[in-house]
Amino acid sequence: MERTFETIIVGAGPGGLTAGRYLDDALILEQKSEIGKPVQCAEGLAKKFLDRFGIQPDPNWISTTIDNTQIILPNGKVINLRAKGGGYILDRVNFEKFLAGLCLAKIQLQKRVTEIEKEGELWQVKTQEGEVFKSKYLIGADGPFSIVRRKVFDEKVAVYPCLEYLVGVEKEVDCSTIKMYIDQERFPLGYAWIFPKSKNRANIGLGSAGKKNLNEQFKDFMENTIKKEFGNYRLLKNISGLVPWEKKPIKLVKDNALLVGDAGAMVDPISGGGIGNAMIAGEQAAKSILAKDVNSYPARIKFLFCFNKDLLSAQKILYSLDNKTLNEVGEILEKACGDIFYLKNFSVFFNFLSKPNLRKNVFKFLKLFFIYRNYIRSHRAPCRGEVRDEAKLQRPQV
């Protein structure tokens with residue numbers, strides 16, 4: 001087999017596979033024995049990302065279609081974030097195999113990269129088996145513990161664990177609704193979630209940056225929330241993973257090497273999700289290589305980080321609110337049908353002002369409202385702030 005390519009991509013996740021969709025003189029090296037496995041993800045993806053890539057939803061890799069996200073507050077009150085058909089819960093394994101089928105790049109599995117060195121103008125990539133591959137360009141799409149990031153960029157990224165299982169439940173799950181539980185006492189600096197996979201199965205988990213033991217938090221959530229709402233349950237599969245987290249963007253390009261997805265800490269600050277951002281970064285990395293201008297890559301994905309700044313602001317606001325404040329919000333919004341968009345209703349707004357604890361946080365709530373409004377609009381339009389020069393990169397249609 002040819003050992004020299006224009007581009008070597010390390011990692012066959014959504015970011016690496018999307019880059020490989022556009023680069024024909026490329027090799028993807030993946031340490032796993034099968035594309036998509038093991039799943040370490042809640043599997044959520046907004047519809048706007050599929051629209052962007054001209055991908056039609058396929059029942060082979062769509063588990064459920066999401067119309068609503070419910071924020072469940074400590075006292076059980078619910079805030080609805082409605083966006084009909086705004087997202088999906090994927091079958092992640094089949095979705096990644098679908099992306100692999102679109103690749104122009106060659107894919108080699110069971111190839112663990114152990115060494116990366118620059119030799120003249122070429123990158124030299126060595127695998128555990130002693131094989132050596134060379135390329136002009138190098139894309140690191142190899143997750144939170146990226147060897148490309150460590151060997152080439154010498155960048156450190158904090159990672160936070162999420163404990164999650166595919167769970168079978170006795171009672172029926174609402175397949176159109178994601179549930180997110182915010183409780184600063186039970187899940188400090190984080191949240192718990194239910195992502196429906198079918199009528200009697202869901203991805204259930206939690207992430208927390210607090211000092212509490214995750215296993216104890218998860219057991220409490222399962223016994224005192226899930227069991228009460230859905231009856232008896234069975235833990236079917238452990239799909240726990242790690243979320244890379246950096247408040248400030250890290251360096252993403254160096255000497256014709258680029259980082260995409262989790263390798264570049266490109267996660268949503270609110271949800272911790274990263275599939276869509278990884279796909280966009282993979283596309284833009286490929287676009288910069290095809291344009292022979294890799295140094296333009298950070299500018300091409302700047303809009304991702306600009307939007308994430310808004311979400312980071314929203315995260316800080318949410319985590320700054322104690323349970324008493326959250327509960328008061330829930331009580332007011334419940335009377336207004338529980339929809340956050342009722343904040344624009346003057347009577348609801350004045351109810352907020354009547355509560356001393358909420359009045360002092362009124363500007364925080366207004367900021368949350370506008371961030372959420374922009375987020376919903378972003379599901380219906382191209383990514384904000386993005387410059388689309390499609391003449392330089394023809395997008396395959398699916």
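Pairs please, first residue from region 210-235 and under 14 Å from LYS171 (Cβ atoms) and assigned by TED's automatic domain parsing to the domain that holds ILE182, second anywhere and among the aliphatic types (A, V, I, L, M) and assigned to a helix (DSSP H, G or I), Cβ atoms under 6 Å, 6+ apart in sequence or on different chains.
Note: pairs meeting the criteria are TYR233/ILE226.
Looking only at region 252-304, which residues are of a type in the set (S, T, N, Q) and within 21 Å of LEU45 (Cβ to Cβ)? If you could, list the steps in order and put the result at the bottom.
Just the residues of region 252-304 that are of a type in the set (S, T, N, Q), to begin with: 256, 271, 277, 284, 288, 295-296.
Listed by number, the residues that qualify are SER271, ASN277, GLN284.
Can you pull out the residues in region 23-44 that are buried (at least 23 other Cβ atoms within 10 Å of the Cβ) and within 19 Å of GLN284 (Cα to Cα)?
Result: LEU23, ALA26, LEU27, ILE28.
Given the structure, is ILE332 under 21 Å from PHE53 (Cα atoms), in contact with a helix residue (DSSP H, G or I) (Cβ under 9 Å, 6 or more places away or on another chain) and either at pLDDT below 90 or not assigned by TED's automatic domain parsing to the domain that holds ILE71 (or both)? So that I can check it myself, show each step before the final result.
Details: under 21 Å from PHE53 (Cα atoms): no; in contact with a helix residue (DSSP H, G or I) (Cβ under 9 Å, 6 or more places away or on another chain): yes; either at pLDDT below 90 or not assigned by TED's automatic domain parsing to the domain that holds ILE71 (or both): yes.
It is false that ILE332 is under 21 Å from PHE53 (Cα atoms), in contact with a helix residue (DSSP H, G or I) (Cβ under 9 Å, 6 or more places away or on another chain) and either at pLDDT below 90 or not assigned by TED's automatic domain parsing to the domain that holds ILE71 (or both).
Name, by its number, the condition in (1) among the β-branched types (Val, Ile, Thr); (2) touching a strand residue (DSSP E or B) at 6+ places or on another chain (Cβ under 8 Å); (3) crowded, with 16+ Cβ neighbours inside 10 Å that does not hold for VAL93.
If we test VAL93 against (1) among the β-branched types (Val, Ile, Thr); (2) touching a strand residue (DSSP E or B) at 6+ places or on another chain (Cβ under 8 Å); (3) crowded, with 16+ Cβ neighbours inside 10 Å, just (2) comes out false.
Mind listing whichever residues of region 158-181 are crowded, with 20+ Cβ neighbours inside 10 Å and assigned to a loop (DSSP other than H, G, I, E, B)?
Answer for region 158-181, where residues must be crowded, with 20+ Cβ neighbours inside 10 Å and assigned to a loop (DSSP other than H, G, I, E, B): just VAL173.
Among (1) in contact with a Phe, Trp or Tyr (Cβ under 8 Å, 6 or more places away or on another chain); (2) over 20 Å from CYS175 (Cα atoms); (3) of a type outside the set (Phe, Trp, Tyr); (4) assigned to a loop (DSSP other than H, G, I, E, B), where does ALA42 come up short?
(2)
Tell me, please, whether a residue that is within 24 Å of ARG82 (Cα to Cα), assigned to a loop (DSSP other than H, G, I, E, B) and modelled with pLDDT under 95 can be found in region 196-206. Before you say what the answer is, go through the steps one by one.
Within region 196-206, the first condition is being within 24 Å of ARG82 (Cα to Cα), and the residues that meet it are 196-206.
From what's left, assigned to a loop (DSSP other than H, G, I, E, B): 199-200.
Among the residues that remain, those that are also modelled with pLDDT under 95 are: none.
Among the residues of region 196-206, not one is within 24 Å of ARG82 (Cα to Cα), assigned to a loop (DSSP other than H, G, I, E, B) and modelled with pLDDT under 95, which makes the answer no.
Given the criteria in contact with a helix residue (DSSP H, G or I) (Cβ under 6 Å, 6 or more places away or on another chain) and exposed (fewer than 14 other Cβ atoms within 10 Å of the Cβ), does LYS84 qualify?
Values: in contact with a helix residue (DSSP H, G or I) (Cβ under 6 Å, 6 or more places away or on another chain): no; exposed (fewer than 14 other Cβ atoms within 10 Å of the Cβ): yes.
No, not satisfied.
Looking at region 182-200, which of its residues are within 13 Å of LEU236 (Cβ to Cβ) and surrounded by 19 or more Cβ atoms within 10 Å (Cβ to Cβ)? Quick ask: steps written out before the conclusion?
Step one: list which residues in region 182-200 are within 13 Å of LEU236 (Cβ to Cβ), which gives 197-198, 200.
The answer is LYS197, and nothing else.
Of all residues in region 1-17, which are outside any loop (DSSP other than H, G, I, E, B) and either within 10 Å of ALA105 (Cα to Cα) or of a type outside the set (S, T, N, Q) (or both)? Explain how you work it out, then say what you get.
Applying the first criterion (outside any loop (DSSP other than H, G, I, E, B)) to region 1-17 yields 4-10, 14-17.
Within region 1-17, PHE5, GLU6, THR7, ILE8, ILE9, VAL10, PRO14, GLY15, GLY16, LEU17 meet the criteria.
The values are calculated or read from the model by the stated rules, or taken from the named source; none is laboratory data. These numbers were taken from a predicted model, which means no experiment stands behind them. As a convention, Cβ positions derive from the backbone with ideal geometry for all residues, glycine included, and neighbour counts pool all protein chains shown.
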